[in-house]
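Chemist: Would you mind keeping the following structure in view while I ask a few things?
The values are calculated or read from the model by the stated rules, or taken from the named source; none is laboratory data. Just so it is clear, the model here is predicted, and its values are computed rather than measured. FYI the Cβ positions are ideal-geometry reconstructions off the backbone, even for glycines, and counts take in every protein chain you see. The accessibility values were calculated without ligands, DNA or RNA, using every heavy atom of the protein model including side chains. Shrake-Rupley method; radii C 1.70, N 1.55, O 1.52, S 1.80 Å.
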Amino acid sequence: EAPGDLTELTLIDAVLSVSGKTAPALAWACATDFARQHPYDAQSVYVSALRGILYAGNYETATRLIRDATLPTGEGRYDLTSLIVSEWGRYDPQKAAAWLLTLSDGSDRRQGLISLGQSWAEVDAQQAADFAASLPPGQERQSMLNTAVDQWAIGHPDQVGEWLLRYQQHPDFDQVVAAVASSQHVVGRDPLLAISWADTIIDYDVRLQTLARIMDRWITRDDETAKNFLLTSPELTPETRADLRRRLQLGD
């Protein structure tokens, strides 16, 4: 069916958000009834009900209710999942994480882990990163690591660097290493240390992108020293040196 009237949708969103705080089951039943009549608006009304439910701290109730969400065929629940763990992660991230790992849908779980990484990091970035690192190798671990460490690496790259030393090199950590290596703080203080960090990145494309960011910042600060390093340093292979010159648009 076509989406519901905008005025009607705005009104029901407001009602569901308010009723979700005190009557979660009723709010969800109303959202489900509306969703059946207007499937294109299903996500919107469920999100409104969830906002009220989560505002009241009923996280576990929310996890039970979304199992019965009526969504159009092929439409995932990841928006609902992400909303729950984003809020829950600020108050009890361990429970939010435990619930996420019970989900069988890979897309829902992966998107949820990204949202959890962001909200958990606001509370305790290292704890969020520790949990992400404990996940099995693969896309889920990589995605959560990137979001959990993102702001931490910007504000405290040295702390992230120390944290990284606890783990063996693995492609899942490449973007985290890249964030440390290319941070303004590290490059500004010691560009050779930044280069050393970048050299530990396993994926060549990620390593090259990181080296290019480092060199660009270094050239801006100290053009002569940076270009001399690029031309003569044995730390760079001929292939990497040539690729960097192309990326940085430096002539012969």
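Chemist: About the Cα centre of the chain, what is the dipole size in debye to 20, counting +1 per Lys and Arg Cβ and -1 per Asp and Glu Cβ, all else neutral?
Modeler: The calculated dipole for the chain is roughly 220 debye.
Chemist: I would also like to ask the following. Please sort 213-226, 236-249 by packing, taking for each peptide the average over its residues of neighbouring beta carbons within 10 angstrom, highest first.
Modeler: Numbers: 213-226: 16.1, 236-249: 13.4.
Peptide ranking by packing, descending: 213-226, 236-249.
Chemist: Here is a further query. Test of understanding: in a Gaussian network model of the chain with alpha carbons linked when under 10 Å, which of 69, 178, 56 would top the mean-square fluctuation ranking?
Modeler: Maximum among the listed residues: 56.
Chemist: With a 1.4 Å probe and every protein chain left in place, tell me how much accessible area residue 156 has, in Å² to the nearest 10.
Modeler: Counting only protein heavy atoms, residue 156 exposes about 100 Å² to solvent.
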